[in-house]
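Worksheet: one structure, shown below.
The values are calculated or read from the model by the stated rules, or taken from the named source; none is laboratory data. Everything quoted here is computed from the prediction, not taken from an experiment. Note that each Cβ is placed from the backbone with ideal geometry, even for glycine, and that neighbours are counted across all protein chains shown.
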């Protein structure tokens, strides 16, 4: 089984706690990305990770759309432990040729 690379953005308590849990799992390889969200794309070196985890409460995830356009296979997961919520974003794309294509996606009927 291929290890999934998980990048953790930031070093606050939330991200550190998640990192501690993930270190116990041999199926994950962890990377730490420090610094501001604004230049996250520029700081990604080499092969992009499979998953990027970030604290929703710590910053504005405006980096998400440009990142997913450039690296559509990455899954972004924002966590907010205070609100007990998780936001998952992916670069999954769907065909949009007709109004019916758009209606199917809105209705949840596929890609």
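What are the pairs, 6+ residues apart or on separate chains, where a residue within region 1-22 that is more than 17 Å from residue 49 (Cβ to Cβ) has its Cβ under 8 Å from a residue that is part of a helix (DSSP H, G or I)?
Qualifying pairs under 8 Å: 12/58; 14/57; 14/58.
Restricting the search to region 12-27, which residues are in contact with a helix residue (DSSP H, G or I) (Cβ under 9 Å, 6 or more places away or on another chain) and surrounded by fewer than 16 Cβ atoms within 10 Å (Cβ to Cβ)?
If the condition is that a residue be in contact with a helix residue (DSSP H, G or I) (Cβ under 9 Å, 6 or more places away or on another chain) and surrounded by fewer than 16 Cβ atoms within 10 Å (Cβ to Cβ), then 12 is the only one that fits.
Please verify whether residue 89 is closer than 27 Å to residue 1 by Cβ, surrounded by 11 or more Cβ atoms within 10 Å (Cβ to Cβ) and at pLDDT 90 or above, treating the condition exactly as stated.
Taking the combined requirement at face value, the residue does not satisfy it.
Filter region 1-33 down to residues that are touching a strand residue (DSSP E or B) at 6+ places or on another chain (Cβ under 8 Å) and on the phi < 0 side of the Ramachandran plot, then give me how many there are.
22
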